[in-house]
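Trainee: I have a structure I would like to understand better, so I am pasting it below and will then ask my questions one at a time.
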Amino acid sequence: MKRVSLILFAFLSLTAFTTLNTVWTNDDAHSQLGFTVKHLGISDISGHFDDFDVKITATKPDFSDAVVEMTAKTASIDTRVDDRDTHLKSPDFFNVEKYPTMNFKSTSVKKAGKDSYKLTGNLTLNGVTKPVTMDMKYNGTVENAMNKKQTAGFQVTGTIKRSDFNLGSGFPAPMISDEVRIKADGEFIQ
């Protein structure tokens, strides 16, 4: 009995100071990574990346200590116009042969209201790494009736400047806006 008590005490002592990281990964069928630019200053042109992975690691149920990591394949860009997609994959923009992925890793998550956060991290795109800050909204967690797994929902929005990443430097802002609006929606499975 004394030995069982000692083992139980040791286990409780060790686990009392250990935080369990929970890893959440995006559900491809219910996640999207999109962007919008202004063309000629008069119309919005939108697109998305078809192939991306996001991992969220957190110890708190409200995700206030989340670490977000994203990798997207730049060749998976889709604006619904083949010629435009081919041009965007060229060295004029994403240079997918030289830079096949863009990556993001968060450096901080700060509370900005109920279920709202400022997500800051390093975005690497076109061989350039810059800090960016986005708005992140936690939409809640439910048990998915189909797979019986815990599923969390998030939306990330914000704006980056394509000039910061040397994207399309030969195309001035009156032709294609320098500001690129980002909107990502996702379901994440534990």
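Read the figures in this text as sums done on the coordinates, not as results from a lab. Predicted model only: the values in this text are computed from it and were never measured. We place every Cβ from the backbone using ideal geometry, glycine too, and count neighbours over all the protein chains shown.
Trainee: Calculate how steeply helix 2-16 sits against the longest principal axis of the alpha-carbon atoms of the chain, using the helix alpha-carbon long axis, and give the answer as 0 to 90 degrees to the nearest 10.
Mentor: For 2-16 against the chain, the angle is about 30 degrees.
Trainee: May I pose another question? Which whole-number percentage describes the relative contact order of region 73-190, with Cα contacts under 8 Å and a sequence gap of 6 or more?
Mentor: 19 percent
Trainee: Go ahead and estimate [θ] at 222 nm for the chain from helices alone: -39,500 (n - 2.57) per DSSP H run with n ≥ 4, summed, over the residue count, rounded to 500.
Mentor: One gets -3500 deg cm²/dmol as the mean residue ellipticity at 222 nm.
Trainee: Multiplying the sequence separation of PHE171 and GLU97 by 0.36 nm and subtracting their Cα-Cα distance, what value in nm do you get?
Mentor: 24.6 nm
Trainee: Among rounded, prolate and oblate, which fits region 85-166 when a ≥ b ≥ c are the square roots of the eigenvalues of its C-alpha gyration tensor, a/c under 1.5 means rounded, and a/b larger than b/c means prolate?
Mentor: On the way: a/c = 3.00, a/b = 1.67, b/c = 1.80.
It is oblate, given that a/c is not under 1.5 and a/b is not larger than b/c.
Trainee: At most 14 other Cβ atoms within 10 Å plus a DSSP loop assignment makes a site exposed; report the longest stretch of the chain without any exposed trypsin sites (Lys or Arg not before Pro).
Mentor: With a cap of 14 other Cβ atoms within 10 Å, the longest stretch comes to 1-79.
Trainee: Among (1) 64, 38, 36; (2) 78, 35, 34; (3) 61, 39, 31, find the value of Cα extents along the principal axes in Å that was calculated from the structure presented, and write down its label.
Mentor: Evaluating Cα extents along the principal axes in Å on these atoms matches (2).
Trainee: Can you give me the Cα centroid spacing of region 115-190 and region 26-52 in angstrom?
Mentor: Rounded to whole Å, the Cα centres lie 10 Å apart.
Trainee: Please give me the summed charge of the neighbours of ASP53: other residues whose Cβ is under 14 Å from its Cβ, Lys and Arg +1, Asp and Glu -1.
Mentor: So the environment of ASP53 carries a net charge of -3.
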